[in-house]
Structures are given as structure tokens and as C-alpha cells.
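The values are calculated or read from the model by the stated rules, or taken from the named source; none is laboratory data. The shown structure was predicted, so the numbers you read here are calculated from the model rather than taken from an experiment. Here the Cβ positions follow ideal geometry from the backbone for every residue, glycine too, while neighbour counts run over all protein chains shown. Quick note on the areas: whole protein, heavy atoms, side chains included, nothing else; ligands and nucleic acids left out. Shrake-Rupley method; radii C 1.70, N 1.55, O 1.52, S 1.80 Å.
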Amino acid sequence: MKQLRQRAIRDLIETRSIRTQHELAAALRERGFQATQATISRDVRELGLVKGGRDVTPTYVLPPRLADAEATGEERLRRLLGDLPIEVREAGLLVILRTLPGSAHAIAAALDRARWVDVEGSVAGDDTVFGAVADRGALGRVRDRFRELSRRA
């Protein structure tokens with residue numbers, strides 16, 4: 001759970017302006033993570049988060065070493081799908097991924113960052129990601145790619 005929570009924290013600070021640990025706790029709750037202030041403080045310290053940014057009020061940012069480690073959406077997606085159990089299904093022109101509660105948003109964010117040509121967009125719930133595609137050919141390619149990325153070494 002710690003690893004998933006810390007991935008969610010990284011994703012949150014990359015996509016939103018989070019100024020305080022209180023804001024971070026609220027954002028985590030939106031994603032289904034319940035964490036005490038002490039836990040969040042420890043996560044901030046372990047991740048090496050720093051205050052920075054160009055806004056008037058500094059926000060949490062990843063230190064350069066972690067930002068580099070998360071260089072591409074494709075690599076992040078590969079890591080997430082390799083670490084999490086997923087089930088891949090199809091419905092119409094949607095590829096549906098089912099995973100652990102609280103994990104779907106991180107997968108959808110990585111998918112959006114990866115900018116797969118065949119994926120028109122994604123929507124995430126708590127444990128489900130919907131990936132929209134344009135046609136049946138794209139549906140098969142995306143489904144197969146998800147299955148390939150989710151295979152464990």
C-alpha cells in the first residue's frame with residue numbers, strides 16, 4: 001500500500017499544485033487513500049519532495065533525481081502494469097482495465113502521458129480505467145499492448 005500511495009503522491013504533485021501536507025492528504029483521500037499526517041510527512045521525507053515551482057506560493061515538486069526516474073509515461077505505465085494485478089477486457093470501443101482499488105488514476109495518468117496513438121482518451125475510477133479507441137483495429141492493438149506490459153518478468 002505504501003508503494004501505491006507514494007506513486008499516487010508523485011502523480012498528484014506532477015499534475016496539481018499541492019502547497020501543504022493538508023492539501024496532499026485531501027487529494028489522497030479523493031483517490032481512496034486514508035493516511036495520517038505522520039504518514040504523509042514520512043512519505044514527503046522518503047520521496048525527497050521539495051518546495052519549488054514558479055507560482056507565488058511554493059508547491060511540492062519532485063527532486064531532479066526522481067523526476068528523471070519518471071522520465072516517460074511509457075516507462076511509468078510499464079512499471080505500474082508490471083507491479084499491479086490487472087484484468088483487461090473490451091466493451092464496444094473501450095479497453096477496460098480492472099486493478100486494485102486506488103490504482104486506476106495512476107494508470108490512466110501514465111497512459112495519458114505515454115500518448116499512445118491508438119488511445120483517444122482515458123477515464124479512471126477507483127479500480128477501473130476506460131481507454132477509448134477509434135476502431136476495432138486499435139482496440140486489438142491496445143488490448144494486446146496492455147497485456148504485454150502487464151506480464152511479469
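Here is how the numbers come out for the structure above:
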read-out: Selection from segment 74-97 of residues that are open to solvent by 60 Å² or more (accessible area, probe 1.4 Å) and either of a type in the set (Ser, Thr, Tyr) or under 14 Å from the mean Cα position of the chain (by Cα) (or both); value: Glu75, Arg78, Arg79, Asp83
read-out: Helices (runs of 4 or more DSSP H) fully within segment 1-51 counting 1 or more residues that are open to solvent by 20 Å² or more (accessible area, probe 1.4 Å) and among the β-branched types (Val, Ile, Thr); value: 2-15, 37-47
read-out: Any hit, segment 101-118, residues being touching a residue at least 24 places away in the same chain (Cβ under 8 Å), closer than 19 Å to Glu30 by Cα, hydrophobic (A, V, I, L, M, F, W, C) and surrounded by fewer than 17 Cβ atoms within 10 Å (Cβ to Cβ); value: no
read-out: Given (1) in a helix (DSSP H, G or I); (2) among the charged types (D, E, K, R); (3) within 19 Å of Arg31 (Cα to Cα), index of the condition Asp126 fails; value: (1)
read-out: All positions within segment 53-63 that are open to solvent by less than 40 Å² (accessible area, probe 1.4 Å) and either of a type in the set (A, V, I, L, M, F, W, C) or touching a Ser or Thr at 6+ places or on another chain (Cβ under 7 Å) (or both); value: Thr59, Leu62
read-out: Matching entry among Arg31, Arg5, Arg10 (being in contact with a Gly (Cβ under 6 Å, 6 or more places away or on another chain) and modelled with pLDDT of 85 or more); value: Arg31
read-out: Residue within segment 82-97 that is at pLDDT below 85, under 19 Å from Arg143 (Cα atoms) and touching a helix residue (DSSP H, G or I) at 6+ places or on another chain (Cβ under 7 Å) present; value: yes
read-out: Residues satisfying the stated conditions in segment 119-152, i.e. in contact with a Gly (Cβ under 7 Å, 6 or more places away or on another chain) and open to solvent by 20 Å² or more (accessible area, probe 1.4 Å); value: Val119, Ser122, Asp126, Ala132, Ser150, Arg152
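Matching residues to (1) in contact with a Phe, Trp or Tyr (Cβ under 8 Å, 6 or more places away or on another chain); (2) not hydroxyl-bearing (Ser, Thr, Tyr):
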residue	(1), (2)
Glu74	no, yes
Ile86	yes, yes
Arg89	no, yes
Gly92	no, yes
Pro101	no, yes
Ala106	no, yes
Ala109	no, yes
Ser122	yes, no
Asp127	no, yes
